[in-house]
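Below is one structure, written out as structure tokens, with a few remarks after it.
The values are calculated or read from the model by the stated rules, or taken from the named source; none is laboratory data. Keep in mind that what you see is a predicted model, and the values were worked out from it rather than measured. A quick note on method: Cβ atoms are made from the backbone with ideal geometry, for glycine too, and the neighbour counts reach across all protein chains shown.
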Amino acid sequence: MERINAWTAYTEKDEKEVFALAERYKAYLDRGKTERECVKETVRLAEAEGYKDLYSLKSLKPGDRVYVNTMGKAVQLFIIGSEPLEKGMNIIGAHIDSPRLDVKQNPLYEDSDLAYLDTHYYGGIKKYHWVNMPLALHGAVAKKDGTIVEISIGEDESDPVFAVSDLLAHLSQDQQDKKGRVVIEGEALDIIVGGKPLKDAEKDRVKAAVLGVLKEKYGIEEEDFLSAEIEAVPAGKSRDMGLDRSMIIGYGHDDRVCAYAEIEAMFKVKGTPKYTCCCILADKEEIGSVGATGMRARYFENAAAEIMERLGCYSELSLRRCLSACRMLSCDVSAGYDPGFAEAFEKKNAAFLGRGVCFNKYTGSRGKSGSNDANAEFIGRLRAIMDDAGVAFQTAELGRVDKGGGGTIAYICALYGMEVIDSGVPVLSMHAPWEIINKADLYEAVKGYNAFLLKA
């Protein structure tokens, strides 16, 4: 069944709302180029909407709005509902980490009068995408005395930027004969950060000059890299794309477009909802949801327990009943159909830009390996919710069956026994430094996520 393009049904008022939402989203995307920055911006926005830190409160009541900040790299928002938590929550969950280049712990070196930072790429990337591109450095440096130095270099027009060099076309015959995955090797993704020697240094004079700048501007010593999390990301702001300004090109749509749609959907919930609403923004999805801030960790479960304790209804059995009764949209982007690479898609089951929020019954790869496979009954209820709310939606798979695939946080949350389905915004050039979305899909995602929170 073919869905129509959402733009064809919009009134002038609708289009005005679409473009206004897009401007808010672009601001969020530009302020949140790392998971740390996303959490910081999300907390700022939430507090402006009346959300309070859960751990600052001793008790809760229906209608209260709280957030939980997990190590500054993941965050959850809750609106307490009127129904007992044992009846479950309506959850929307996305991730806020994106593919990038991470600076190593012993990164700084000099070679042939150039200073470099050694990197380790993060997530699934095409390594050749990351050469000859202006890069910015974002992150945090934790010093031995406990102070945190925040780094953001390359976003302001007056800032310098950085780059990974590539071999000139004139000498690249052997390089161009290689397969795409080895045209650029992972260990070759080192970032040039300096080229001016310090005149009075005895050795590694360019490296010494770079260290001098870091010391002067940020108070950072070379050893401080040992306890630093610095990420190299594409420099520059997200931009409108197309003569009709219908699209946005930017870094990190996967999965911050779904994260922001969740935030807007939560803020549209007024008063006290029937069921407790929850927005999860998780870290580390791109590398398997591992670590203390990935979805495999139990911070969401712990937060639910803390909420139940403050509501005066906690018990281990009540917590288990709550988690298993939840209903969830795992909000992650889907592969947008690209006519230029039609051979990678099965067109009848592809997501198209502009046709609305997408539901993926299953993800995984090939024989659905690593997938969450939502049950038909849950999907039937979702269809009714979306249609009743006038939400443009579509269904899709992630490309042809034997072409590859991917996963989300859905299967992890399904371990609790809750009903989960993947739902997100179609994206072109997913995992490239610059990705593309359609503004209409973002708008429909907000509408769809809000309807789910109120009606699931």
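Data for the structure
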{"quantity": "Residue within the range 369-384 that is in contact (Cβ under 8 Å) with a residue 40 or more places away in the chain, outside any strand (DSSP E or B) and in contact with a Leu (Cβ under 7 Å, 6 or more places away or on another chain) present", "calculated": "no"}
{"quantity": "Selection count where residues are of a type in the set (Gly, Ala, Ser), over 16 Å from Ile91 (Cβ atoms) and outside any loop (DSSP other than H, G, I, E, B), scope the range 49-81", "calculated": "1"}
{"quantity": "Candidates Lys61, Lys52 - the one that is farther than 29 Å from Gly354 by Cβ and more than 26 Å from the chain's Cα centre (by Cα)", "calculated": "Lys61"}
{"quantity": "Index of the failed condition, Lys403 passing every other in (1) part of a helix (DSSP H, G or I); (2) farther than 19 Å from Ala282 by Cα", "calculated": "(1)"}
{"quantity": "Lys87 vs. criteria surrounded by fewer than 17 Cβ atoms within 10 Å (Cβ to Cβ) and touching a His at 6+ places or on another chain (Cβ under 6 Å)", "calculated": "no"}
{"quantity": "Selection count where residues are surrounded by 23 or more Cβ atoms within 10 Å (Cβ to Cβ) and in a strand (DSSP E or B), scope the range 422-445", "calculated": "8"}
{"quantity": "Residue satisfying all of: in the range 327-361; within 20 Å of the chain's Cα centre (by Cα) and surrounded by fewer than 24 Cβ atoms within 10 Å (Cβ to Cβ); nearest to Phe300 (Cα to Cα) among these", "calculated": "Phe359"}
{"quantity": "All strands (runs of 3 or more DSSP E) inside the range 247-335 with 3 or more residues being modelled with pLDDT of 95 or more and closer than 30 Å to Lys347 by Cβ", "calculated": "247-250, 327-331"}
{"quantity": "Residue within the range 311-320 that is in the same structural domain as Asp64 (by TED's automatic domain parsing) and crowded, with 22+ Cβ neighbours inside 10 Å present", "calculated": "no"}
{"quantity": "Residues (in contact (Cβ under 8 Å) with a residue 40 or more places away in the chain and outside any strand (DSSP E or B)) located in the range 105-117", "calculated": "Asp113"}
{"quantity": "Any hit, the range 80-97, residues being more than 29 Å from Val210 (Cβ to Cβ) and acidic (Asp, Glu)", "calculated": "yes"}
{"quantity": "Pairs where the first residue, in the range 210-228, is under 14 Å from Asn106 (Cβ atoms) and the second is of a type in the set (Gly, Ala, Ser), C-beta under 6 Å, 6+ apart", "calculated": "Ser227/Ala142"}
{"quantity": "Number of the exception - Ala46 against (1) of a type in the set (Gly, Ala, Ser); (2) buried (at least 20 other Cβ atoms within 10 Å of the Cβ); (3) outside any helix (DSSP H, G or I)", "calculated": "(3)"}
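Quick grid of which residues meet (1) surrounded by fewer than 20 Cβ atoms within 10 Å (Cβ to Cβ); (2) at pLDDT below 95; (3) among the acidic types (Asp, Glu); (4) more than 30 Å from Ile192 (Cα to Cα):
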site	(1), (2), (3), (4)
Lys52	yes, no, no, yes
Ser56	yes, no, no, yes
Leu60	no, no, no, yes
Leu77	no, no, no, yes
Ser82	yes, no, no, yes
Gln105	yes, no, no, no
Glu110	yes, no, yes, no
Asp113	yes, no, yes, no
Tyr116	no, no, no, no
